[in-house]
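Reviewing the structure listed below.
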Amino acid sequence: MAAPTRLMSRLTLVTGGGSGIGRAVCQRFASEGASVVVADINEESANETLGSLQRDLRGQGHMTAVVDVTSKESVTKLITSIQSRYFQPPSVCVNAAGITQDDFLLNMSEEQFDTVVRVNLKGSFLVTQAVAQALVSCGSNKGSIITVGSIVGKVGNLGQVNYASSKAGVQGLSRTAAKELSRFGIRCNCVLPGFITTPMTDKVPEKVLTKMQSLVPMGRMGRPADDSGYVTGASIEVTGGLFMG
Ligand code: NAP
């Protein structure tokens, strides 16, 4: 259930906000009172997300931005455009932009490997760095950066050596960022979804999805708006970062 004022007056940035998980995050943030910057490489889908958002309570409004997270120049432009509109950097950032290009290790091209790592890992780095730099330089002492990893980064998956590597990488990125940025009041965390029905999983063969589903104790794929309804068997550390890996 959304808490309508929980994020009131918070400025939030969601990359990959035009589709799937990113879109559901934008909708949840807006329904909890936040202003949302819907950032995506796909302008049309970002606009569709924008059109689906509840009005924010403080009247600052939401905005869309076209960004390619693999480009430092594009990410810098994104942060500049946010600051010129809202006169502050986002204090909540979700790195949800991501892609897959599956193939077996024996066949995977260098290009396929590089492309996926560039979007999923380098993209998360560039956005995390730019948001953190903006927060630190404006003297803010509060921020939260969430990166969407994947269970595949932890356990591996057939045909996804590039994706699994990128998603293992973002866990290291998040932990290191958490260690470095805690002193500025910026928290960094990673969430690891399993299989969630989105345009990304539409590309997975039905046979594979059925097999995966049979391994899920809850017996179904997740939905982007599931919230904690698809969290089970997890141990979430609430330690201020103590003993993180
Ligand atoms: P999705 O529906 O394909 O959404 C990803 C969005 O990111 C798309 O709008 C995509 O645009 C955009 N994007 C791609 N490259 C970009 C770039 N260079 N710069 C900015 N935006 C870019 O996928 P999803 O399933 O919601 O995935 C969201 C995140 O969750 C990803 O990081 C994914 O790896 C992760 N995840 C998903 C699942 C799952 O089962 N669905 C499981 C674990 C983790 P285009 O459509 O134009 O490419």
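Which one is nearest to the ligand (Cβ to nearest atom), of the residues in the stretch 80-90 that are touching a residue at least 12 places away in the same chain (Cβ under 8 Å) and surrounded by fewer than 22 Cβ atoms within 10 Å (Cβ to Cβ)? It comes out as SER81.
Taken together, the residues in the stretch 168-202 that are among the charged types (D, E, K, R) and within 16 Å of the ligand (Cβ to nearest atom) amount to 1. Residues of the stretch 130-167 being over 14 Å from the mean Cα position of the chain (by Cα), hydroxyl-bearing (Ser, Thr, Tyr) and more than 13 Å from the ligand (Cβ to nearest atom), which ones? Result: SER137, SER140. Scanning the stretch 203-243 for residues that are among the basic types (Lys, Arg) and more than 12 Å from the ligand (Cβ to nearest atom), we see that the one that is nearest to GLY149 (Cα to Cα) is ARG220. Looking across the stretch 22-38 at every residue that is in contact (Cβ under 8 Å) with a residue 40 or more places away in the chain and surrounded by 24 or more Cβ atoms within 10 Å (Cβ to Cβ), the one that is nearest to the chain's Cα centre (by Cα) is identified as GLY22. Could you list, in sequence order, all residues of the stretch 95-129 that are in a strand (DSSP E or B) and either more than 9 Å from the ligand (Cβ to nearest atom) or modelled with pLDDT under 95 (or both)? Hit for the stretch 95-129 is ASP103, nothing else. For the structure I just gave you, tell me whether LEU121 is exposed (fewer than 15 other Cβ atoms within 10 Å of the Cβ), in contact with a helix residue (DSSP H, G or I) (Cβ under 6 Å, 6 or more places away or on another chain) and within 24 Å of GLY172 (Cβ to Cβ). When the stated conditions are applied, LEU121 does not pass them. List the residue pairs whose Cβ atoms are under 9 Å apart, where the first residue sits in the stretch 178-202 and is within 13 Å of ILE151 (Cβ to Cβ), the second is more than 16 Å from the ligand (Cβ to nearest atom) and assigned to a helix (DSSP H, G or I), and the two are 6 or more positions apart or on different chains. Listed pairs, sorted by first residue: CYS190/ARG175. Just checking: which of the strands (runs of 3 or more DSSP E) contained wholly in the stretch 1-69 hold 1 or more residues that are in contact with a Cys (Cβ under 6 Å, 6 or more places away or on another chain) and either at pLDDT below 95 or within 15 Å of the ligand (Cβ to nearest atom) (or both)? Hits in the stretch 1-69: 11-15, 35-40.
The residues of the stretch 206-233 that are exposed (fewer than 10 other Cβ atoms within 10 Å of the Cβ), without any contact (Cβ under 8 Å) to a residue 12 or more places away in the chain and within 23 Å of the chain's Cα centre (by Cα) amount to a single one, SER228. Within this structure, GLY143 passes the test of being under 26 Å from VAL238 (Cα atoms) and either touching a residue at least 24 places away in the same chain (Cβ under 8 Å) or among the hydrophobic types (A, V, I, L, M, F, W, C) (or both).
Name the single residue, out of those in the stretch 142-198 being farther than 15 Å from VAL92 by Cβ and basic (Lys, Arg), that is surrounded by the fewest Cβ atoms within 10 Å (Cβ to Cβ). So, considering only residues that are farther than 15 Å from VAL92 by Cβ and basic (Lys, Arg), the one surrounded by the fewest Cβ atoms within 10 Å (Cβ to Cβ) is ARG183.
The values are calculated or read from the model by the stated rules, or taken from the named source; none is laboratory data. Model, not experiment: these values are computed from the prediction. Cβ atoms come from the backbone with ideal geometry, glycine included; neighbour counts cover every protein chain shown.
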